[in-house]
């Protein structure tokens with residue numbers, strides 16, 4: 001009888017632990033999808049706003065039709081992104097091109113869609129970057145560049161990737177209007193992007209430093225260890 005009671009208790013404890021793991025996994029998945037929605041669709045919506053501002057200054061109907069066609073293509077792309085979120089959490093371009101070439105692709109896309117020109121300084125390493133690190137760095141760069149398009153009011157910025165044997169470093173810098181980092185973090189609606197970048201970098205045992213001053217531009221610096229010793 002005592003054995004049966006012990007087995008029942010053990011079963012209940014195991015069931016509760018399993019349920020807790022399932023709930024934890026579900027919450028982690030919701031957080032991942034939330035971040036992906038913010039990264040991908042947030043960028044698309046920003047580009048839509050930029051193109052809409054362009055339309056406001058257009059004089060002829062032919063030019064309006066051309067811009068509307070571009071907007072339609074952006075909407076189609078945003079819909080496609082939402083549909084693939086649950087099955088493709090990492091940018092497909094990373095898998096086929098690698099991190100440095102993917103950042104080039106990102107820079108070209110942003111220049112084409114939003115007009116932001118980027119000075120690129122990109123190291124290429126013979127050894128492939130671990131997938132989790134590549135995704136985290138790509139997403140941080142994407143968020144930082146999207147923020148420049150949204151808020152910095154500049155036509156030019158810089159993106160630098162340095163890869164050494166034991167460490168990867170990313171720098172995204174602009175000389176735009178800048179912002180109050182502390183004040184932005186204190187606003188619930190304003191810190192989503194900053195917190196998302198921090199979470200991604202923390203998950204790969206890295207560090208992130210966002211520095212900005214009103215009227216003096218913004219710098220986002222990321223350091224990620226590429227060895228087990230460096231991540232401790």
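The values are calculated or read from the model by the stated rules, or taken from the named source; none is laboratory data. What you see is a predicted model, and the numbers here were worked out from it, not measured in a lab. Cβ atoms come from the backbone with ideal geometry, glycine included; neighbour counts cover every protein chain shown.
Table: residues versus (1) in a loop (DSSP other than H, G, I, E, B); (2) touching a helix residue (DSSP H, G or I) at 6+ places or on another chain (Cβ under 8 Å); (3) within 18 Å of residue 49 (Cβ to Cβ).
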residue	(1), (2), (3)
102	no, yes, no
106	no, yes, no
109	no, no, yes
121	no, no, no
124	yes, yes, no
134	no, yes, no
139	no, yes, no
143	no, yes, yes
148	no, no, yes
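Can you name the number of the only condition in (1) over 17 Å from the mean Cα position of the chain (by Cα); (2) modelled with pLDDT under 80 that residue 115 fails?
The one condition residue 115 does not meet is (2).
What residue, of 217, 193, 206, is in the same structural domain as residue 104 (by TED's automatic domain parsing), at pLDDT 95 or above and in contact with a helix residue (DSSP H, G or I) (Cβ under 8 Å, 6 or more places away or on another chain)?
206
For the stretch 30-53, indicate whether the set of residues that are under 23 Å from residue 198 (Cβ atoms), modelled with pLDDT under 70 and exposed (fewer than 12 other Cβ atoms within 10 Å of the Cβ) is non-empty.
Yes, because at least one residue in the stretch 30-53 is under 23 Å from residue 198 (Cβ atoms), modelled with pLDDT under 70 and exposed (fewer than 12 other Cβ atoms within 10 Å of the Cβ).
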